[in-house]
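Inspection log for the structure reproduced underneath, given as structure tokens.
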Amino acid sequence: MRQKSGRLFYEKQGFPLRRIGWVLATPPCVALGLLIWQVLLRHPVGKQTMSNASIIGWTIFLWILYFRLITVRLVTEVRDAALIVALRGFWRARRIPLGDIRSAEIITYDPERDYGGYGIRTGRFGTAYIADGQRGVRLKLSDGATIAVGSQRPDELAGILQPQR
């Protein structure tokens, strides 16, 4: 991959769908089953049935939502004197000026135990941006905040983010 001008680090991580993919797929699959049962096979579901148009609309909506959620990626960039962390496709980016970083250390963590799962999490260890894996970089900022950024290349990221003394 060719680096853009001024980019020091770039990493894109997917989420561990092997654990949650089937959970996310359940609602659209159930809606598809209802659509087939009621619309195609013409067997009304329950006494107060939804209209066929509603079932079709909800099924389409749930499949769009499912595909949107499985394509979300954690993107970490260091460029233009800032660390930029974003859940692309789902959330806006957080921009942290490199001058605000007081320390950067490589950490190993358990996403569920230490932070309560994946994504953007806030807990006893501060705010975390976690996708796949169990390694990352913990940052201490000048305002006292603690940020953890999951990375498949934490050595490289920590080296770039380490404040110059």
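None of the figures in this text is laboratory data; all of them are computed from the coordinates on show. Quantities reported herein were computed from a predicted structural model and do not represent experimental measurements. All Cβ positions, glycine included, derive from the backbone under ideal geometry; neighbour counts span all protein chains shown.
Overview of results
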item	result
Search result, residues across the range 66-85 that are surrounded by fewer than 19 Cβ atoms within 10 Å (Cβ to Cβ) and within 30 Å of Ala31 (Cβ to Cβ)	Tyr66, Phe67, Arg68, Leu69, Ile70, Thr71, Val72, Arg73
Spans of strands (runs of 3 or more DSSP E) in the range 115-165 with at least 2 residues closer than 18 Å to Ala93 by Cα and over 17 Å from the mean Cα position of the chain (by Cα)	135-141
